[in-house]
1. I need the GluC sites (Glu not before Pro) found in segment 61-100, filtered to DSSP loop residues with at most 10 other beta carbons within 10 Å of theirs.
2. Report, in debye and to the nearest 20, how large the dipole of segment 62-102 comes out about its Cα centre when Lys and Arg carry +1 and Asp and Glu carry -1 on their Cβ.
3. Whenever you get a sec, compute what percent of the accessible area on the chain sits on carbon and sulfur atoms (1.4 Å probe).
4. Might you report the magnitude of the Cβ-based charge dipole of segment 212-263 about its Cα centre, with Lys and Arg at +1 and Asp and Glu at -1, to the nearest 20 debye?
5. If you look at just the Cα atoms of segment 105-156, how large are its Rg and its Dmax in Å?
6. I need to check one value: relative contact order of the chain, counting alpha carbon pairs closer than 8 Å and at least 6 residues apart, in percent.
7. Check which residues have an amide H placed less than 5 Å from VAL112's amide H, if you skip close sequence neighbours.
8. Report, as a whole number in µm² per second, the diffusion coefficient that Stokes-Einstein gives for the chain at 10 °C and 1.306 mPa s using the Kirkwood radius over alpha carbon pairs.
Amino acid sequence: MPPPEYALGSDDAEIARLDQQAESIAGATDALLRASGIGSGMRVLDLGTGLGHVAFQVAAIVGPEGSVVGVDLATKLLGLAEARRQAAGLDNVRFIEGDARTARFDEPFDAVVCRLLLFHLPDALDVLRHHRAAVRPGGVMTAIDFDLGGVRAEPPVPLMEPAAGWVEAAFRAAGADPRIGARLGPLLRETGLADVQTFGIQAYFAPGDPTGPALLAGVVRTLAPQIVARGIATEDEIGLDTFAERLESEVRAAGAVTLTPTVVGAWGRVPAPAAPICPTCGQPASEALAGPEHDWECRNEACPEFGQPVAADEPPDGRITAETSP
């Protein structure tokens, strides 16, 4: 299957916008990554790494004992990410060019993360299910994405509502889901993860802060050709040459607070395999203490087979394990 359309491109103006956007949500991203269980020493896969913003944040969390692999199809963005990695002297990050939807790896990861990837994928659930296999049992999958449903100015200003509508319509026309943040929890549960949790972080930009209007104006500028081509709004309605200035002026004049997209995180754990049953005493086995010779052993001290290995793949006749129960 060919990659889905990416509505935002990768020219120099878009790269600058991505950097600004990443800076604006770096704090929320860090909080969500840590809340999901990303920690020191972990081996992490970053899907749709782009310019490497999330990969670098994860690298700071996992430290020199951990490692991060970032995957993306965009050659230009990966080249910039690699140059930034080298400039920062980060030895625990590497980037691989490949399709983040279908890439496969020989060794499992402690965690798989993605930020602002599922937003653009019509097959988001299939992609999550595919990468579930890349996570070790007990490991974590973490998705971070936008919910555009709350974008507004408070009190309202004339340009904000139509502009947010243009952006959402253009994304939907390109096959994206601009409110997927609200659905991350259900998607991870459908993926088969356990202990799924989710919450969002909402930024509120003060009336004198140009960051909020600038973020929206940047997306409008990038999407303007598609907004016009798809008949969502005309060039005159957008007034692109003065749009950013007009929006900021309206917000400032109204003393309005700007709400940008909610940054939503969701995460869940890949269930560990069910413990096999000791054929002698009928009690669940425990993970072996003796080393790599076997994975499971009987830890029931009253059992004659105490300390002996228990096979995980051949439950004895008449016994029911969590894997074989109806």
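The values are calculated or read from the model by the stated rules, or taken from the named source; none is laboratory data. Keep in mind it's a predicted model, so treat the numbers as computed, not measured. For neighbour counting, all protein chains shown are included, and Cβ atoms are generated from backbone atoms with ideal geometry for every residue, glycine included. The protein model used for the area step is the full one, side chains on, heavy atoms only, and it has no ligands, DNA or RNA in it. Shrake-Rupley method; radii C 1.70, N 1.55, O 1.52, S 1.80 Å.
1. Answer in residue order: GLU65.
2. Approximately 120 debye in magnitude.
3. That share works out to 52 percent.
4. Charge dipole of segment 212-263: 200 debye, to the nearest 20.
5. Both quantities, over Cα of segment 105-156: 15.1, 53 Å.
6. Computed over the chain, the figure is 17 percent.
7. LEU45, VAL140, MET141, THR142
8. Answer from the Stokes-Einstein relation: 72 µm²/s.
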